[in-house]
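Notes follow the structure.
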């Protein structure tokens, strides 16, 4: 049983998610702002936190900073209605292990939570598109080649995600195992979080559309 | 309680009549002008200017000031007397001296009576100005400053020309020597006026800026309100009316969501200018027409070319979306458009029932003509991958000359 904490400032949405999640997931609590979220995470020790990006008191990024900054081991899955690149890239770089939009179906969300709880990354097609876009716009040579560019295989996986393929379909398409697909995605996530190449932040700023 | 309040605040409107008193704070000489200003609800500057102006005319102002000073009681003041605004006092003295000298040179003050109408006229104008509606006064000022700001160079040249012309005229008439003191004092008067009025003008300017900012904010709010009203409220009403039809409700909600998202997160793009914008628009239109969710992801972007290659690609993409929406029975369609170097690729994928490509009858124009044929005619290619039960993916590729 995966223990999940829902952090969102909309009560209606929290109860909606609670109702939609499958039997393999146990919702152990809810929080509605940054302070209560940080408190609840410390008290309840959930496996996965479903984290809203926009919230009073600093938003999801603030929760990530305070929890992960003080050495917390909990895993975060960002959940938002926002399509803005800086929100998406922002929470991923803040430490979330995945990003899904709120119109995701209950089954897909259950799947995503399970995957995050196992330490894997969850990329929506849109996030994959953002990452491809960010890493593609490389006029300057990478500073750290290992972190600052994607391998051919990672690029292929991301493109298939962006095209709407599920992990299983990607595995079949590339003749690799689902586990290998997950490894590639996790590796992209790590690069996304650790790379300090200028393009990433500059790209996100240039796409700052709000 | 009420009585006490009235006593404590004699200046409030409840008091029917109030004796004029000279206050210590804000006085320049004896506090007479300030007291008078309080009583008449005018700006003290107006009263002071009036006194200075009248003093230049046979000293009427000075006499009046002295008389008022004697008959007006002083208001109780606790603590050390507040310091005077010496710079303002200096400015008034300068104006007074200049006016006096001017009157003496031009002989106007000796004429005495002749100047009084002018003095009274000046005071009247000042009082009028003072009493005018603040908004209207601001309009006057704004109109003036605006036209000056707009034509700063022209105004400057005009002033220089007038001064040069005047000086030249006086030299030609050999009267420059005589006129010099008069001109000098005129300059002093003008500078004095500027010194007095400057802080007030600055305050006015700041207020104007504030007002402009507030107006911009209000316009934004109005645009937001119009947007919410025209689309969101409208859609909510429609949803209530078709509540019995879940498919229609979903379609309405989805199209409204898309519209709001575009408004919030997408730059204002011309859908006919770039590929990504055009793909998004086409997906939105087909989503509306068929009630199927279409997710669009774009990587990179390119301007629509003139030769019509991308237009053909877009038409083929639309046909692929229409096919998927109509025949696949899939709940959602994924569209991925990518620009990489000179190659533009569009994928349209569904997870529907799929079909056997070989069994598509020859007269079905959808795939053969509108997609594959069209792409090949424009130098591109199209590939269809499908199997019964496995969904369908259409891949469209087009090479375009890289510009910029």
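What the table shows:
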{"item": "Residue list for region B:347-384, restricted to those being assigned to a strand (DSSP E or B) and either away from chain A (no Cβ under 14 Å) or surrounded by 15 or more Cβ atoms within 10 Å (Cβ to Cβ) (or both)", "result": "B:347, B:348, B:349, B:350, B:381, B:382, B:384"}
{"item": "Single residue of B:191, B:195 found to be outside the structural domain of residue B:320 (by TED's automatic domain parsing), part of a helix (DSSP H, G or I) and modelled with pLDDT of 80 or more", "result": "B:191"}
{"item": "Residue match in region A:90-99 (condition: away from every other protein chain (no Cβ under 14 Å), free of Cβ contacts under 8 Å to residues at least 12 places away in the same chain and either touching a helix residue (DSSP H, G or I) at 6+ places or on another chain (Cβ under 9 Å) or part of a helix (DSSP H, G or I) (or both))", "result": "no"}
{"item": "Subset of region B:286-316 that is surrounded by 21 or more Cβ atoms within 10 Å (Cβ to Cβ) and closer than 19 Å to residue A:132 by Cβ - its residue that is farthest from the other protein chains (Cβ to nearest Cβ)", "result": "B:296"}
{"item": "Condition met for residue A:173 (modelled with pLDDT of 80 or more, surrounded by fewer than 20 Cβ atoms within 10 Å (Cβ to Cβ), touching a helix residue (DSSP H, G or I) at 6+ places or on another chain (Cβ under 7 Å) and within 13 Å of another protein chain (Cβ to nearest Cβ))", "result": "yes"}
{"item": "Residue in region B:171-186 that is at pLDDT below 80 and within 17 Å of residue B:45 (Cβ to Cβ) present", "result": "no"}
{"item": "Residue list for region A:152-191, restricted to those being within 23 Å of residue B:337 (Cβ to Cβ) and in a loop (DSSP other than H, G, I, E, B)", "result": "A:163, A:164, A:165, A:166"}
{"item": "Hey, residue A:34 modelled with pLDDT of 85 or more, within 24 Å of residue A:193 (Cα to Cα) and not assigned by TED's automatic domain parsing to the domain that holds residue A:191 or not", "result": "yes"}
{"item": "Single residue of A:139, A:108 found to be within 14 Å of chain B (Cβ to nearest Cβ), surrounded by fewer than 18 Cβ atoms within 10 Å (Cβ to Cβ), assigned to a helix (DSSP H, G or I) and at pLDDT below 90", "result": "A:108"}
{"item": "Filtered residue count, region A:111-134, keeping only those that are in contact with a strand residue (DSSP E or B) (Cβ under 6 Å, 6 or more places away or on another chain), more than 25 Å from residue B:256 (Cα to Cα) and within 11 Å of chain B (Cβ to nearest Cβ)", "result": "2"}
{"item": "Test: residue in region A:193-201 that is touching a helix residue (DSSP H, G or I) at 6+ places or on another chain (Cβ under 7 Å), at pLDDT below 60, assigned to a helix (DSSP H, G or I) and within 14 Å of another protein chain (Cβ to nearest Cβ)", "result": "yes"}
{"item": "Close pairs from region B:350-373: first under 24 Å from residue B:293 (Cα atoms), partner part of a loop (DSSP other than H, G, I, E, B) and modelled with pLDDT under 75, Cβ under 9 Å, at least 6 apart", "result": "B:366/B:360; B:367/B:360"}
{"item": "Any pair with Cβ under 6 angstrom, 6 or more apart, that starts in region B:329-346 at a residue that is facing chain A (nearest Cβ under 8 Å) and within 13 Å of residue B:301 (Cβ to Cβ) and ends at one that is part of a strand (DSSP E or B) and modelled with pLDDT under 90", "result": "B:338/B:299"}
{"item": "Qualifying residue in region A:52-65 (condition: buried (at least 20 other Cβ atoms within 10 Å of the Cβ), assigned to a loop (DSSP other than H, G, I, E, B) and in the same structural domain as residue A:6 (by TED's automatic domain parsing))", "result": "yes"}
{"item": "Residue that is on the phi > 0 side of the Ramachandran plot and either assigned to a loop (DSSP other than H, G, I, E, B) or without any contact (Cβ under 8 Å) to a residue 40 or more places away in the chain (or both), where the choices are A:22, A:71, A:16", "result": "A:71"}
{"item": "Qualifying positions in region B:298-331 - within 43 Å of the chain's Cα centre (by Cα) and closer than 24 Å to residue B:252 by Cβ", "result": "B:318"}
{"item": "Qualifying residue in region B:226-245 (condition: away from chain A (no Cβ under 14 Å), farther than 30 Å from residue B:332 by Cα and either modelled with pLDDT under 85 or assigned to a loop (DSSP other than H, G, I, E, B) (or both))", "result": "yes"}
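The values are calculated or read from the model by the stated rules, or taken from the named source; none is laboratory data. Please read all numbers here as calculations on a predicted model, not as lab measurements. Quick reminder, even Gly has a Cβ in these numbers, built from the backbone with ideal geometry, and neighbours come from all protein chains shown.
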